Amino acid sequence: MTGQHTGQGQAQGAQPPTALPPAGRDALTDVAGLRVGHARVSGDGALSGTTVVLAPEGGAVAAVDVRGGGPGTRETDALDPRNLVQRIDAVVLTGGSAYGLDAASGVMAWLEEQGRGVRVGPDPSQVVPVVPAACIFDLGRGGDWRARPDASTGRTAVEAAAGTESGAPVAEGGVGVGTGAVAGRLKGGVGTASALLPSGITVGVLVVVNAAGSVVDPVTGVLYGEYGAAEPPVRPAAEVHRAAGRRLAEAADAEARPPLNTTLAVVATDADLTRAQAQKLAGTAHDGLARAVRPVHLLNDGDTVFALATGERPLPPDNPIALNELLSAGADVLTRAVVKAVRAAESVDGRSGAGTYPSYSDLYGTG
């Protein structure tokens, strides 16, 4: 994009631009060995789904940082650096609120069949997969309150992940866990991005944007996450911005339910991190979310970031700030993934009992 950076953008707390190039496909799967699979709940009135991030054989070091006031999670205590589990094989991001956490059972069943998990007996098949999961609130957005992910949805998603090649592209927008996601009154969804650090380390992010807060500056119509980007954002024309405001107000009037939401993310790297370092990566990545969604971490949200480290690349011993560079990149890439999610989303028009959620691209153009 081209255009002049506005004084309003600076007032909204713009961050210094980053020139880090994408690692490959600009996706989480640029972290070698990671695979992503999506599944959607089928049937009329359904607007929900599940996304699985599958780690390479042998698993990945994992951590989590929960900042929202209304999280729905499973097996996150296992990721505490003080606890037993060292590596995990998959992370599940799912719709359906707490009901949808059952999707993790389907992922566990598939992993058990592959002999993957914590070995707990003399037989190699005697394993207990540890599958951390988190959910977003999207109940009833397609019209049917009971249309939500279950174990079969999780199994479909992990099988889809396992069926991809390493480094495969990742579908964005209203797919998987992003099927019923919203961002304020806009349609939300899944976004992914990556960066290649000067050290050769890769950082990748996958996010589902389903926020009670807004992703759009109400004064300018610019996505918050585009302030401070390497290229200044283009400010939409005033008449376009006014028309967008009217459509969003109409959508808000048609939606009587409170904004029960949650934004989830997985930030991953091929660096060799300890569990404590991975937990720090999960925590600092939340800074990227705060740049792109305002307000964030509300009581109505359950904002959660998982961190994965595959351990393929040691931190450079001759670069004492390499870890700080990695932490900073995680936040930057998460901001950009939020922007990509919102721009990839498509409108839901309210037919078949669904809510009406216009997309940013439909309101403001592709930019």
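Worth pointing out:
- Any hit, the range 156-167, residues being in contact with a Gly (Cβ under 9 Å, 6 or more places away or on another chain), more than 25 Å from Val91 (Cα to Cα) and surrounded by fewer than 21 Cβ atoms within 10 Å (Cβ to Cβ): no
- Some residue of the range 87-99 being open to solvent by 40 Å² or more (accessible area, probe 1.4 Å), in a strand (DSSP E or B) and in contact (Cβ under 8 Å) with a residue 12 or more places away in the chain: yes
- For the residues Ala249, Ala211, Ala244, the requirement of being open to solvent by 20 Å² or more (accessible area, probe 1.4 Å) and among the hydrophobic types (A, V, I, L, M, F, W, C) singles out Ala249.
- Complete set of residues in the range 263-294 that are outside any helix (DSSP H, G or I), more than 17 Å from the chain's Cα centre (by Cα) and surrounded by fewer than 20 Cβ atoms within 10 Å (Cβ to Cβ): Asp272, Thr274
- Identity of the residue in the range 226-241, touching a helix residue (DSSP H, G or I) at 6+ places or on another chain (Cβ under 7 Å) and assigned to a loop (DSSP other than H, G, I, E, B), that ends up farthest from Arg291 (Cα to Cα): Pro236
- Any hit, the range 78-86, residues being within 18 Å of Ala268 (Cβ to Cβ), buried (at least 20 other Cβ atoms within 10 Å of the Cβ) and under 23 Å from the mean Cα position of the chain (by Cα): yes
- Some residue of the range 189-206 being within 23 Å of Arg35 (Cβ to Cβ) and open to solvent by 40 Å² or more (accessible area, probe 1.4 Å): yes
Matching residues to (1) touching a residue at least 40 places away in the same chain (Cβ under 8 Å); (2) outside any strand (DSSP E or B); (3) surrounded by 24 or more Cβ atoms within 10 Å (Cβ to Cβ); (4) not charged (D, E, K, R):
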| site | (1), (2), (3), (4) |
| --- | --- |
| Ala32 | yes, yes, no, yes |
| Val36 | yes, no, yes, yes |
| Leu47 | yes, yes, yes, yes |
| Val52 | yes, no, yes, yes |
| Pro56 | yes, yes, no, yes |
| Val61 | yes, no, yes, yes |
| Val64 | yes, no, yes, yes |
| Gly70 | yes, yes, no, yes |
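- Residues satisfying the stated conditions in the range 214-225, i.e. open to solvent by less than 20 Å² (accessible area, probe 1.4 Å), assigned to a loop (DSSP other than H, G, I, E, B) and over 23 Å from Gly70 (Cβ atoms): Asp217, Thr220, Gly221, Val222
- Residues that are polar (S, T, N, Q) and at pLDDT below 95 were ranked within the range 86-135; the one that is farthest from Ser42 (Cα to Cα) is Gln86.
- The number of residues in the range 311-322 that are open to solvent by 10 Å² or more (accessible area, probe 1.4 Å) and modelled with pLDDT of 90 or more comes to 7.
- In the range 295-310, the residues that are open to solvent by 60 Å² or more (accessible area, probe 1.4 Å) and either of a type in the set (D, E, K, R) or in contact with a Phe, Trp or Tyr (Cβ under 7 Å, 6 or more places away or on another chain) (or both): none
- Condition met for Leu363 (more than 22 Å from the chain's Cα centre (by Cα), among the hydrophobic types (A, V, I, L, M, F, W, C) and assigned to a helix (DSSP H, G or I)): yes
- Residue count for the range 110-123, restricted to those that are under 18 Å from Pro56 (Cα atoms) and open to solvent by 70 Å² or more (accessible area, probe 1.4 Å): 4.
- Test: residue in the range 328-346 that is polar (S, T, N, Q) and assigned to a loop (DSSP other than H, G, I, E, B): no
- Looking only at the range 168-188, and only at residues there that are closer than 22 Å to Leu248 by Cβ and either basic (Lys, Arg) or over 13 Å from the mean Cα position of the chain (by Cα) (or both), the one that is most open to solvent (accessible area, probe 1.4 Å): Arg185
- Residues of the range 146-167 classified as in a loop (DSSP other than H, G, I, E, B) and within 21 Å of Gly106 (Cβ to Cβ), total: 7
The values are calculated or read from the model by the stated rules, or taken from the named source; none is laboratory data. The structure presented is a predicted model; accordingly, all values stated were derived computationally and were not measured. Note that we place each Cβ from the backbone using ideal geometry, even for glycine, and neighbour counts take in every protein chain shown. Keep in mind that these areas ignore ligands, DNA and RNA; they rest on the heavy atoms of the full protein, side chains included. Shrake-Rupley method; radii C 1.70, N 1.55, O 1.52, S 1.80 Å.
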